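The values are calculated or read from the model by the stated rules, or taken from the named source; none is laboratory data. From a predicted model like this one, the values you see are computed outputs, not experimental measurements. Note that we place each Cβ from the backbone using ideal geometry, even for glycine, and neighbour counts take in every protein chain shown. Ligands, DNA and RNA are excluded from the accessible area calculation, which covers all protein heavy atoms including side chains. Shrake-Rupley method; radii C 1.70, N 1.55, O 1.52, S 1.80 Å.
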Amino acid sequence: MTIQAVSKPRHRIRESLSRRIFLKLNVVILLFLCFLMLYPVVYVIAASFSEETAILRGDVAFLPVGFHTKAYSKVFNYPQLWTSYRNTVVYTLLGTAVNLLLTVCGAWALSQKKMPGRRFLTLMCTFTMFFSGGMIPTFLVVKELKLLNTVWAMILPGAVSTYNMILMRTFFLAIPTSLVEAAELDGCTDFGILFRIVLPLSLASLMTIGMFYAVGHWNSYFSAVIYLSKAEMYPLQIVLRQVVLMNEIVENATSTENNMAEGIKYATIVVAMLPMLCMYPFIQRYFVKGVMVGSVKE
């Protein structure tokens, strides 16, 4: 004789009408915000593959009109674009590495309760978030250090973000003290504890802060305007400005190429933003954890 188990009915908590309206309203608002943020990207991509006359008439909305790749051919044959691309890649990679190294070292030092003057140094670092020397004094310092028209002019003036350093310091404070003490008992040095134990546990925060730094370097424009005067040192954003505002690619071109001016502008914008769009999906999964971890103390 077999006895069949009778499954108990599952009782769901009934949501109130106001709760259901609130959730649906949230969905509508978030979808609207997503549309506002994604549509400019979709439009620029569609316009870069569209005919010039269709762009000027306003026929382009979501899909290309009169699909062609002539604008991209013109952009890829522009030598200054690749020079600026190379410069931006160098500024981004080297700058992000310097940023992370200094941020991690500063955050680790400020998270050590045994360090003398820790509170005073933290206060001084926080002070720089609200007050700075200004643009002209900073330029004079860079000039006196002989950094104008060098790679370091694009990296050293903003080598550390105080906000990111404090965020990393908060995360380091959340790491169990017993773990660090156990490493010290095993004879591990301070640098060994930091690079062999603490940083592997901080991958989410490192990736998140590194992405912030990388995007900042990739989109850097004002620093190049102030510190660089040689065209061969210009980053991508300077060349993008010259193309969008000054039509430099189509200057002294034929009438056919001049008719492609709008398409060339959109194609240049797509080429400039493509690396960040490709890199973001691989790092996005670290964002929520990296930003939230250490923000709540239990």
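Across the stretch 232-244, what is the number of residues that are closer than 20 Å to GLY95 by Cα and open to solvent by 20 Å² or more (accessible area, probe 1.4 Å)?
Selection size over the stretch 232-244: 4.
Against the definition (touching a residue at least 40 places away in the same chain (Cβ under 8 Å), open to solvent by 50 Å² or more (accessible area, probe 1.4 Å) and either under 28 Å from the mean Cα position of the chain (by Cα) or closer than 30 Å to SER202 by Cβ (or both)), how does LEU81 come out, yes or no?
no
Which residue out of ALA224, ALA183 is surrounded by fewer than 19 Cβ atoms within 10 Å (Cβ to Cβ), touching a helix residue (DSSP H, G or I) at 6+ places or on another chain (Cβ under 7 Å) and small (Gly, Ala, Ser)?
Criteria check complete, one pass: ALA183.
Could you list all residues from the stretch 129-164 that are closer than 30 Å to THR189 by Cβ and not in a helix (DSSP H, G or I)?
Residues satisfying the conditions are ILE155, ALA159, VAL160, SER161.
Can PHE67 be described as part of a loop (DSSP other than H, G, I, E, B), among the aromatic types (Phe, Trp, Tyr) and within 30 Å of LEU56 (Cα to Cα)?
yes
Those residues that are of a type in the set (Gly, Ala, Ser) and surrounded by 11 or more Cβ atoms within 10 Å (Cβ to Cβ), I need them from the stretch 84-132; list them, please.
Of everything in the stretch 84-132, those that are of a type in the set (Gly, Ala, Ser) and surrounded by 11 or more Cβ atoms within 10 Å (Cβ to Cβ) turn out to be SER84, GLY95, ALA97, GLY106, ALA107, ALA109, SER111.
Take the conditions surrounded by 13 or more Cβ atoms within 10 Å (Cβ to Cβ), within 21 Å of SER202 (Cβ to Cβ) and of a type outside the set (D, E, K, R) and apply them to ILE155. Does it pass?
No.
Within the stretch 79-132, work out how many residues are more than 30 Å from VAL271 (Cα to Cα) and among the hydroxyl-bearing types (Ser, Thr, Tyr).
Counting residues in the stretch 79-132 that are more than 30 Å from VAL271 (Cα to Cα) and among the hydroxyl-bearing types (Ser, Thr, Tyr) gives 6.
Name the residues in the stretch 35-64 that are open to solvent by less than 40 Å² (accessible area, probe 1.4 Å), touching an Asp or Glu at 6+ places or on another chain (Cβ under 9 Å) and part of a helix (DSSP H, G or I), would you?
Within the stretch 35-64, ALA47, GLU52, ILE55 qualify.
With the structure loaded, tell me whether PHE32 is modelled with pLDDT of 85 or more, within 31 Å of the chain's Cα centre (by Cα) and either open to solvent by 70 Å² or more (accessible area, probe 1.4 Å) or not aliphatic (A, V, I, L, M) (or both) or whether it fails that test.
yes
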